[in-house]
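Worksheet: the structure to be examined is printed underneath.
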Amino acid sequence: MLTYLGPPQLPSDDKRWKIVEATARRHGREPHALIETLHTVQECFGYLDDNALRFVATTLRVPLSRVYGAATFYHFFTLKPKGKHACVVCTGTACYIKGAPALLAAIDKTYGVKPGETTPDNELSLLTARCLGSCGLAPAVVMDGAVLGKVSPGEMLGRIEKGIRHDH
Ligand code: FES
């Protein structure tokens, strides 16, 4: 028989998993918290990927198929973007005040993409999140999983360019 041994292990020490776990915990880690927890993942990460969906399934003890079902059924969820690289700009209050709009404008000007879009060559997807859990580092951006804090448009564009060039 399986015994429930407390909260599942977080996938990494990324602080955002703690925020996701807190949502699940608030709902007693019960299956009915599925939509709410997926919302939190999307708010923190900008999209849902396989890793996150598995974590949610384990935390709430819901079959992975059901988690995938919910993630793909509701239009307000975004699955992992199709670009080879993903840049998530935080547009939460702290980041917004400290310059998120200028970051989005710089990406739009350079790559011609708005939030939710991918460049035609599939190199870069741009996403937004409502809080990356690093408000002290506002404005914050996550480029291919790496958090860039107190980032200027120029620095951010440099990191994006480096990420894209790296594969060529
Ligand atoms: S508002 Fe951007 S990290 Fe919290």
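Cut-off under 16 Å on the C-alpha distance; same-chain residues fewer than 8 positions from LYS162 excluded. Which aspartates and glutamates are left, in chain and number order?
GLU123, ASP144
Taking the Cα of GLN9, stepping 7 Å toward and past its beta carbon, and measuring to each backbone N in the stretch 58-81: which are under 20 Å?
58-62, 64
Take every Cα pair under 8 Å in the chain that's 6+ residues apart, average their separations, divide by the length, and report that relative contact order as a whole percent.
Numbers: 248 pairs, mean separation 33.7, N = 168.
Reported relative contact order: 20 percent.
Quick one: go through the stretch 88-120 and flag any residue whose amide nitrogen is under 19 Å from the point 7 Å out along the Cα-to-Cβ line of ALA22.
90-96
Taking LYS98 as the anchor, which aspartates and glutamates have their alpha carbon closer than 17 Å to its alpha carbon, excluding any fewer than eight residues away along the same chain?
Cross-link targets: GLU155.
For each cysteine in the chain, check whether another cysteine's C-beta sits under 4.7 Å from its C-beta; list those where none does.
Within the chain, the cysteines lacking a partner Cβ under 4.7 Å are CYS44, CYS87, CYS131, CYS135.
Given the -39500 (n - 2.57) contribution per DSSP H run of 4+ residues, what per-residue ellipticity at 222 nm results for the chain, rounded to the nearest 500 deg cm²/dmol?
Taking each H run of at least 4 residues, the total per residue is -13500 deg cm²/dmol.
Could you tell me the ratio Rg/Rh of the stretch 85-166? Both radii from Cα atoms, Rh via Kirkwood.
So for the stretch 85-166, dividing Rg by the Kirkwood Rh gives 0.93.
Quote to one decimal, in nm, the extra length available between LYS84 and ASP50 on full extension: 0.36 nm per residue of separation minus the C-alpha distance between them.
10.7 nm
Could you work out how much longer the chain between ALA146 and ALA102 gets when fully extended? Use 0.36 nm per residue separation minus the Cα distance between them, nm to one decimal.
Length gained between ALA146 and ALA102: 13.9 nm.
Can you quote the Å³ per residue value for the convex hull of the Cα atoms in the stretch 18-65, rounded to an integer?
Cα-based convex hull of the stretch 18-65, divided per residue, equals 61 Å³.
Just so you know, all these numbers are worked out from the coordinates, no wet-lab data involved. This is a predicted model, so every value here is computed, not measured. Neighbour counts are summed over all protein chains in view; Cβ atoms, including those assigned to glycine, are modelled from backbone coordinates with ideal geometry.
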